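Heads up: the structure comes next, in structure tokens.
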Amino acid sequence: MYEPGQDTTPMTMGDWLLTLLAAMIPCVGIILYFVWAFSKTTNVNRRNFCRAQLVIMGVVLVIYIIFFALFGSVLFSAGSWYY
């Protein structure tokens, strides 16, 4: 639900490029995504995009942790098979 006074104007191509390029900067990109995702003054389109990206990043991180927990011990113990 949109509140009165929110920026609902369409984002330009330059705005989208800035958003995507900011994500490519290590550490700073994630911080900017959190700022844009939870800010009340940012564009609604950017806010929703950043929220979706953070959800995707979280799901991928959980899958990575599960995969590493299941198969990580095999990878680290594989070197001992040759001795």
Item to complete: Working only within segment 25-78, note down all residues that are assigned to a loop (DSSP other than H, G, I, E, B) and more than 22 Å from Pro10 (Cβ to Cβ).
Response: Ile25, Pro26, Cys27
Item to complete: Return the pairs, sorted by first residue and then second, in which the second residue is surrounded by 10 or more Cβ atoms within 10 Å (Cβ to Cβ) and β-branched (Val, Ile, Thr), the first residue lies in segment 1-27 and is in contact (Cβ under 8 Å) with a residue 40 or more places away in the chain, the beta carbons are less than 6 Å apart, and the residues are 6+ apart or on different chains.
Response: none
Worksheet item: Does Leu54 satisfy the condition of being of a type in the set (A, V, I, L, M) and surrounded by 14 or more Cβ atoms within 10 Å (Cβ to Cβ)?
Response: yes
Practice prompt. Those residues that are hydrophobic (A, V, I, L, M, F, W, C) and closer than 20 Å to Val55 by Cβ, I need them from segment 1-27; list them, please.
Written response: Met1, Met11, Trp16, Leu20, Ala22, Ala23, Met24, Cys27
Practice prompt. All but one of (1) under 21 Å from Gly5 (Cα atoms); (2) surrounded by 16 or more Cβ atoms within 10 Å (Cβ to Cβ); (3) out of contact with any Phe, Trp or Tyr (no Cβ under 7 Å at 6 or more places or on another chain) hold for Tyr33, so report the exception by its number.
Written response: (1)
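Values in this text are rule-based calculations from the coordinates and carry no lab data. Just so we're clear, the structure is a prediction, and the values are computed from it rather than from any experiment. When we count neighbours, we look across all protein chains shown, and the Cβ atoms used for this are built from the backbone with ideal geometry, even at glycine.
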